[in-house]
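The values are calculated or read from the model by the stated rules, or taken from the named source; none is laboratory data. Nothing here was measured: the structure is a model prediction, and the numbers come from that model. Cβ placement follows ideal geometry from the backbone for every residue including glycine, while neighbour counts extend to all protein chains displayed. Ligands, DNA and RNA are excluded from the accessible area calculation, which covers all protein heavy atoms including side chains. Shrake-Rupley method; radii C 1.70, N 1.55, O 1.52, S 1.80 Å.
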Amino acid sequence: LLVPVYTVRLTPAKAPPLDTESRARREHRREAMGRAAKALPAARQAWKDGDFAAVKAALSALDHDFDYLDSSDAVEIGVLLGSAYVANDEGEAALAAFKRVLDRQANHALRRYDTSPKILDVWQKAGGPIE
């Protein structure tokens, strides 16, 4: 007779140690989250100021860490970065950024009231829903 137990709690001292690859991934994720926490406020302010080059500069460094971020941060970074690409007439880069957002969270929708028609056009080409 086997009884499955799903809520086993171990003290950290008795838990098996992480292998080096898992430890490296965890550390990379922690560092990526820290960089995102610093870059997002600057990018939001640059977007409000209309400085789209600063948005790209702040967020493009996080592009290779996209998979290590929390979904909410990754979606916000992807939408801001894609929108900055649209503002700089870089349609292909914007389309790629929006597709990465939709791969991460397929049901994320942009609102017509808050978003430029140029951005919405590229968002729709990527397959994103609009409210």
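Let's test the formula: R0 of 25 Å, r as the Cβ-Cβ distance of ALA42 and ALA96. What FRET efficiency results, to the nearest 0.05? Don't skip to the answer; put the middle values down first.
Values: r = 23 Å, r/R0 = 0.90.
Step by step, r from the Cβ atoms, then E = 0.65.
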### Query
Rounded, prolate or oblate: which fits the chain, taking a ≥ b ≥ c as square roots of the Cα gyration tensor eigenvalues, rounded meaning a/c under 1.5, else prolate when a/b beats b/c?
prolate
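Before rounding to the nearest 500, sum -39500 (n - 2.57) across all DSSP H runs of length at least 4 in the chain and divide by the residue total; then give [θ] at 222 nm in deg cm²/dmol. It would help to have the intermediate numbers written out before the result.
Values: 5 runs with 79 residues, N = 131.
Calculated from helices alone, the mean residue ellipticity at 222 nm is -20000 deg cm²/dmol.
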### Task
Measure off, as a whole percent, the carbon and sulfur share of the 1.4 Å-probe accessible area of the chain, all protein chains present.
53
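For a Förster distance of 41 Å, can you work out the FRET efficiency between the beta-carbons of SER116 and SER22, rounded to the nearest 0.05?
0.45
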